[in-house]
Every structure is written in C-alpha cells, then in structure tokens.
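Single-structure report; data block below.
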C-alpha cells in the first residue's frame, strides 16, 4: 500500500538517493558536520570532528557552507547555535520536525524551513526529510535529519564550476532550494505513474483491493500538498525580503523557482482531481459488476419460472390426470420445457439483455 514514511523512521540512509554516509548503530546518534569553503579561485571540503569553525567564518573573501546531517545530538547543534548567535525560536525549529515550511528574517541571518521529498519505489512510498537553511552574510548552514542525496551533485558542481562560486550566500541558498524543487518533479512523476497504474487497474481488473489503494493515494497527495503548498509563500517572502543578505540579481532566479513551484502545484491539483474521479469510476465499476451479476441471476430466475410452473402442475398427486399414463408424456414435457427455454433466450437476445 502506498504511504508516506518520514525518513527519520527508516533503518538506513540508503533510502535516499546517493546517501553517502554509512549508517549503523554506532553512528545513529551522531551528527556529521561537513565544512565547505570556497570563492572564485578556491574550494575546500572537510569533515569536522567537533564544532570548531568560528575562525573559518571570519575569513574574508570566502563563503562557508556548513552541512549538518543528523539532529539527534542536541548539545552539538546547540553549540552551533551559540557560535552563530541564532535566535531561541530558530533553535526550537531546528529540533521540531513535521512543521510547516516557513521563512523568517532575523536581521543578521535568514531562516528557511523546508521538507524534502523523495520517491521510494521499493515499497511504493514517498520519503520525507526535514531540513533547515540558515543564511548569513558569509555562511550558509543546512541542517537535515539524514544525508540528502541531490546535494552531493551540488557539491561536485560547486567544486567544478567557478560560475557558482562567484556568487554570494544568497545564490547558494537559491541553488539549494532549486535542487529541492527539482526533486519535487520526480515525486510528481512518481505519483503520476501510480495514477496511471490505478487507472489501468480500474479499467481492466477492478476489485475490492483497489479502493484502499485509491484512498492511500489521496492521503499521500494530501501530505505532499501540505509539504509543497507553503513553499510558494516561503519563496515569495524570500524574494521580497529587504535583508542586505539578498542581492537583487538573485531575485530573478528565485522568481524562476517560484514558477516551478506553481507548475508543480498545478500538476498536483490535476492529480487530485483525477484521484477523486477514480473513486467515482471505482464506485461505478462496482455498481456495474453488481448489475451484471443481478442481471444473470434475474435471467436464470425468469427462465425457471415457467419450468417451475410446469413441474408444479405435473407434481400434483391427482389420480385422473390424463397425461400421467400417456406413453410419450415425459419426453413431450421435456421437449416443451427446452422449447420454452429456447424461446425465452431468443427473446432476451433480441432485447439485448444478454
């Protein structure tokens, strides 16, 4: 059955594409911190064993991307909050999963909360990963419950393409949001394939097990809509922000992402309408099958009514029934009964009842 499974409940990181961190009982409660520093002519990536990047954030002419994967070690994340001087409300949001995506401006930094969706074809589900983006003047912090596969490709792209490295932190934040938005298209395509399969099942082999699939699909799309719909407001508030962190040139790119989100929502609304119509098709199909069964039973009962009448007459125990002692009485009655059946079937056929 299709379902939405929060990624934090999964047993392994491999459920998300290209998850690069091995997962076992020893690392389950650890936080993995990757520090990426770059500018137009420089790129460096390292995994930090402890929270110690204060000096790196103060370097002039470089941008620091701090990737925090895993939110179970509360003290470690609190230390990050103290170093970056994050607001207590932001710290509370970092540990609160399953919340509505939002955007907040705290003057010296911007906070964005998103839900990352990924299709899982093995168990026919959609996985959810919670993520926060903290955007400062010369740093970006991404906090997620588990590693995010698409960001691995983004890292490689930043390392190879200097054209990304010439922009500021606001462009990096845009690139992250754009990467997440592109992943939504895979989710929409995944839902579209499931709708096509259900439509084929409704058309050719609809049965009682189809209804739970339709209901599960509707709940799944409702949860996806709840994750994607607020993103329009998030991007709109982001591009309208008057913060000095956001450059005017990045606003154009954010508008493009906004258009993509609108396109995704339009497609999702179409799919919602299709899933609603599938329920009507299912009920109509079940009603049609029931009518077919009732029609067959009615025809059989109608055929046997005159036969039962004849049998009832000759089943009476009267002594002076002239046909009882007739030599050809039995075969004559059988022939008459078969003749009645034939005439009735012919009549039903001409009426196109069968």
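Figures for the structure shown
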| quantity | calculated |
| --- | --- |
| Extension gain from residue 332 to residue 279, taking 0.36 nm per residue of separation minus the Cα-Cα distance | 13.7 nm |
| Stretch gain in nm, segment residue 137-residue 222, where the contour uses 0.36 nm per residue and the Cα spacing is subtracted | 27.0 nm |
| Rg/Rg_ref, the range 146-282, where Rg_ref = 2.2 N^0.38 Å and atoms are Cα | 1.33 |
| MRE, 222 nm, helices only [DSSP H, n ≥ 4, -39500 (n - 2.57), over the chain, to nearest 500] | -19000 deg cm²/dmol |
| Inter-probe distance in nm under a simple model that places probes 7 Å from Cα toward Cβ, at residue 247 and residue 341 | 8.9 |
| Whole-Å semi-axes of the range 149-213's equivalent ellipsoid (Cα gyration tensor) | 42, 10, 8 |
| Most to least packed among 262-271, 320-329 [average Cβ atoms within 10 Å] | 262-271, 320-329 |
| Ratio of the Cα radius of gyration of the range 205-256 to 2.2 N^0.38 Å, where N counts its residues | 1.95 |
| Fraction of the pair-distance distribution of the range 66-160 above 24 Å, Cα-Cα pairs, percent | 24 |
| Cα pair distances exceeding 36 angstrom across the chain, given as percent | 43 |
| Cβ-Cβ FRET estimate between residue 123 and residue 266, R0 fixed at 30 Å, reported to 0.05 | 0.60 |
| Förster-model FRET efficiency, 41 Å R0, residue 292 and residue 259, C-beta, rounded to 0.05 | 0.25 |
| Bridge type composition, the chain - antiparallel percent by DSSP, nearest 5 | 75 |
| In range of the label at residue 229: residues from the range 116-156 whose backbone nitrogen is under 18 Å from the point 7 Å along Cα→Cβ | 116-117 |
| Rounded if a/c under 1.5, otherwise prolate or oblate - the range 233-354, Cα gyration tensor axes | prolate |
| Euclidean distance between Cα centres, the range 335-354 to the range 143-209, Å | 62 |
| Cα long-axis angle, helix 74-84 against the chain (0 to 90 degrees, to the nearest 10) | 50 |
| Cα-only Debye scattering, the range 104-181: base-10 log of I(q)/I(0) at q = 0.13 Å⁻¹ | -0.45 |
| Using alpha-carbon coordinates, inclination of helix 248-314 to the longest axis of the chain, degrees | 10 |
| Cα convex hull volume per residue for the range 291-350 (Å³) | 74 |
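Readers should treat all values here as calculations from the given coordinates under stated rules, not as data from a laboratory. Because the structure is a prediction, the values reported are computed rather than measured. For neighbour counting, all protein chains shown are included, and Cβ atoms are generated from backbone atoms with ideal geometry for every residue, glycine included.
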